[in-house]
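Colleague: What follows is a structure written as structure tokens; I'll ask about it next.
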Amino acid sequence: MSPAYPQLFSPLRLGPLTLRNRVVFSAHLTGYAVGGKPTAQHAAYYAARAKGGAGLIISEEHATHPGDWPYEKVIAGYRPEVVPGYRLITDAVHEHGVPILAQINHNGGQGSSMYSRRPLWAPSAVPDPLFREVPKALDQREIRTLVEGYARVAEHCVRGGFDGIELQCSHSSLVRSFLAPATNLRTDGYGGSLANRARFLLEVAAAVREAIGPERALGVRLAGEDMFDGGVRLDEAVKVAALIEADGRVDYLNTSIGMATETLHMIEASMAVPPGYALFIPNAIRQRVSLPVVGVGRFKEPWQAERALAEGHCDLIGVVRGQIADPDFAAKALARESTEIRRCLACNQECVGRMGLGRWLGCVVNPRAGKESTTLPEPRMPGRRVHVIGGGPAGLKAAATAARRGHHVTLFERASAVGGQIRTAAVVPGRRELLDLVLDLEAECRRLGVDLRTGTEMTADLVTESRPDAVVLATGALPQRPNWAGGVDRVVDVRDVLEGRAHPSGTVLVVDELGFHQGTSIAEYAADAGCEVTICTPGMIVGQDLGITLDLEDWNRRAHRKRITQLTDVTPTGCVASAGGGLAVTLRHHPTGRSTRFIADWVVSSAHQRPEDELWKVLADSGIEIHRVGDVLAPRRAHSAVIEGERVALSL
């Protein structure tokens, strides 16, 4: 049977390697290293994607010098002690017939001396705009030391069983800073002309090729467009690609967009950015060179990857978050089971967000991501009758997991459709892919035989009468009216607006107490409806947690276009009807303690919710085994709901 995606599943020669398909699990940080060494967690993580059908796997970066320690859990590739861990990874991946390359890197000035206690090294003494640390400009001897360091790590990788090397020359790398005019102010043979700025890259490629020999593949992850003045721009990236091909040592080119500090939000773009947004880069490079070129840019479904290949934008497709969300992404596509793929949301909460907080990588839709090395417990007693009450993400995940483990599951949802607050949040343009979370879980429940009963409200009497073996309560949370709102009827909750119970008009004040998407989403929603919107927050910035998920930059741009005013460091202390028919909201400015009055027609509150736990209070002492998951336990975000839904189902 021919595959549904003929381009995606055609083999490709990559130097000495033959890939079975064009799906690449590209390099990305995981936070799984311990003491600078790779772990069994790495091995199980990569092996799951190899088993799931990926054509090529590229490991996260390996540091090439002791002075490069930009984050706590870096793999110290320059240490010989890493080799046994490398072998653990490569053996696990090779067991599934998939080649794996090691990405090696030096972050240069895009780092911190906090861990190494050594000065950063860079082409010139130009501080990075995020880390704001002045690096030491490299001298000729230090450049030679670094080139030797790349070769040493490549040798370790060969001993560890890797099938080749990818040089990180994009995002966050010393090589990229040599290429970029803004960070390379040198006047010697490594600065000035493009040929000089590319000299370090070519010297590293030569040293690494000598270290790995001709029987292993060598690739370059090339900065394609940094998106700021003085960074690597596309026209020069294409010329660098031509220089690399002419040099003759490299087997393929990978691509990237953005720089890992100034334009970080473009590297792992959120759901507000369309899939395939970076394809113009491999397209331009591929028109200039004959080397195979990898395209990247938020591919979450096989048809998107197939179209990019068919249209000639690239030769291979980097699918990272799509395979974090579903390790079997490629296998399901090959088997014509694309509708069963667990789709990435591009929410960035558990992958990029956790990494930004120094934690190991996870996934909202796949709570097993990063836990592949952990063996699941056996069911306590197969075939139990399980009732799940509530069809939001927590309830759906509990139902699907319990059914997968052999239990007989019935899910009750009082609304006409499952989805809970996720369905509400997905009403907002730019957040609609959130709905994929509950749509995919609903489809999984149906495939596994879960009895889904919508439009059905369960009472304590009904639960008691049915006598299930276990009950999972996923009844969610309800909005709380803020204390400062008084009895004014035009103070409403975000959910009141998105669920159609309130229709603000005129001047609208949004009070953002959560610092996440709720406040900023409703501000845009009201502005799009023609309202004059101001959003205020007690925090230092509106939507402060959007920085973790890389949504903050685009939110600020959109807010400016939509003329949304932002007020910070203020808290409402009261609200009364004003003489002119509007609402007078008293705002206290925290730094000064000064109070001012804000006149609005409507106020929309984005505030903490309260658990809807009345059913729990009645059933807690009923003698029935009962568990709470998600917001009914404590109102939080989607990842907590999904994790708890699975955790409880695994305990049944």
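The values are calculated or read from the model by the stated rules, or taken from the named source; none is laboratory data. Quick caveat: nothing in here was measured; it's all calculated off a predicted structure. Every residue, glycine among them, receives a Cβ derived from its backbone with ideal geometry; neighbour counts consider all protein chains shown.
Colleague: Could you identify the single residue in ALA211, ALA205 that is at pLDDT 95 or above, hydrophobic (A, V, I, L, M, F, W, C) and farther than 20 Å from SER172 by Cβ?
Modeller: Step by step, each of ALA211, ALA205 is checked, and only ALA211 is at pLDDT 95 or above, hydrophobic (A, V, I, L, M, F, W, C) and farther than 20 Å from SER172 by Cβ.
Colleague: Return yes or no: is PRO123 surrounded by fewer than 16 Cβ atoms within 10 Å (Cβ to Cβ) and not aromatic (Phe, Trp, Tyr)?
Modeller: Here the answer is no, as PRO123 does not meet what is asked.
Colleague: Now for a different question. Would you list the strands (runs of 3 or more DSSP E) that sit entirely within the range 575-645 and hold 3 or more residues that are farther than 24 Å from VAL492 by Cβ and at pLDDT 95 or above?
Modeller: Fully inside the range 575-645 and qualifying: 626-628.
Colleague: Test THR183 against the stated conditions and say whether it is surrounded by 21 or more Cβ atoms within 10 Å (Cβ to Cβ) and either among the hydroxyl-bearing types (Ser, Thr, Tyr) or in contact with a strand residue (DSSP E or B) (Cβ under 7 Å, 6 or more places away or on another chain) (or both).
Modeller: yes
Colleague: Now, a different point. Just checking: which of the helices (runs of 4 or more DSSP H) contained wholly in the range 278-381 hold 2 or more residues that are under 17 Å from the mean Cα position of the chain (by Cα)?
Modeller: 321-325, 352-356
Residue-wise test of (1) touching a residue at least 60 places away in the same chain (Cβ under 8 Å); (2) of a type in the set (Gly, Ala, Ser).
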| residue | (1), (2) |
| --- | --- |
| PRO572 | yes, no |
| ALA579 | no, yes |
| SER605 | yes, yes |
| ARG610 | yes, no |
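Colleague: Is it the case that some residue within the range 28-39 is touching a residue at least 12 places away in the same chain (Cβ under 8 Å), closer than 22 Å to CYS169 by Cβ and more than 24 Å from the chain's Cα centre (by Cα)?
Modeller: no
Colleague: If I ask for residues that are surrounded by 24 or more Cβ atoms within 10 Å (Cβ to Cβ), of a type outside the set (Ser, Thr, Tyr) and under 17 Å from ALA325 (Cα atoms), which ones from the range 1-47 would you list?
Modeller: Matches in the range 1-47: VAL23, VAL24, PHE25, ALA27, HIS42, ALA47.
Colleague: Please find, within the range 457-471, the residue that is surrounded by the most Cβ atoms within 10 Å (Cβ to Cβ) out of those that are part of a helix (DSSP H, G or I) and aliphatic (A, V, I, L, M).
Modeller: VAL463
Colleague: Just checking, does the range 572-589 include any residue being closer than 22 Å to SER521 by Cβ and of a type outside the set (A, V, I, L, M, F, W, C)?
Modeller: Yes, that holds for at least one residue.
Colleague: A follow-up question, please. Filter the range 394-419 down to the residues that are of a type in the set (A, V, I, L, M, F, W, C) and either free of Cβ contacts under 8 Å to residues at least 24 places away in the same chain or farther than 18 Å from LEU439 by Cβ (or both), then identify the one that is surrounded by the fewest Cβ atoms within 10 Å (Cβ to Cβ).
Modeller: PHE412
Colleague: Can you go through GLU350, GLU311 and tell me which one is farther than 22 Å from TYR71 by Cβ, outside the structural domain of ARG423 (by TED's automatic domain parsing) and among the acidic types (Asp, Glu)?
Modeller: On inspection, the qualifying residue turns out to be GLU311.
Colleague: From the list ASP436, ASP440, exactly one residue is within 22 Å of ILE522 (Cβ to Cβ), acidic (Asp, Glu) and touching a residue at least 24 places away in the same chain (Cβ under 8 Å). Which is it?
Modeller: ASP436 is the lone residue from the list that is within 22 Å of ILE522 (Cβ to Cβ), acidic (Asp, Glu) and touching a residue at least 24 places away in the same chain (Cβ under 8 Å).
Colleague: Among the residues in the range 113-124, are any assigned by TED's automatic domain parsing to the domain that holds LEU29, at pLDDT 95 or above, within 27 Å of the chain's Cα centre (by Cα) and not in a loop (DSSP other than H, G, I, E, B)?
Modeller: no
Colleague: What are the residues in the range 410-441 that are acidic (Asp, Glu) and touching a strand residue (DSSP E or B) at 6+ places or on another chain (Cβ under 7 Å), if any?
Modeller: GLU413
Colleague: When both residues are 6+ apart or on different chains and their Cβ atoms are under 7 Å apart, which pairs have a first residue that lies in the range 375-393 and is in contact (Cβ under 8 Å) with a residue 60 or more places away in the chain and closer than 9 Å to HIS407 by Cβ, and a second that is aliphatic (A, V, I, L, M) and surrounded by fewer than 24 Cβ atoms within 10 Å (Cβ to Cβ)?
Modeller: PRO379/LEU652; ARG384/ALA470; ARG384/LEU652; VAL386/ALA470; VAL386/LEU652
Colleague: Hey, another quick one. Test of understanding: among VAL319, VAL352, VAL293, VAL364, which residue is in contact with a His (Cβ under 6 Å, 6 or more places away or on another chain), of a type in the set (A, V, I, L, M) and crowded, with 18+ Cβ neighbours inside 10 Å?
Modeller: VAL364
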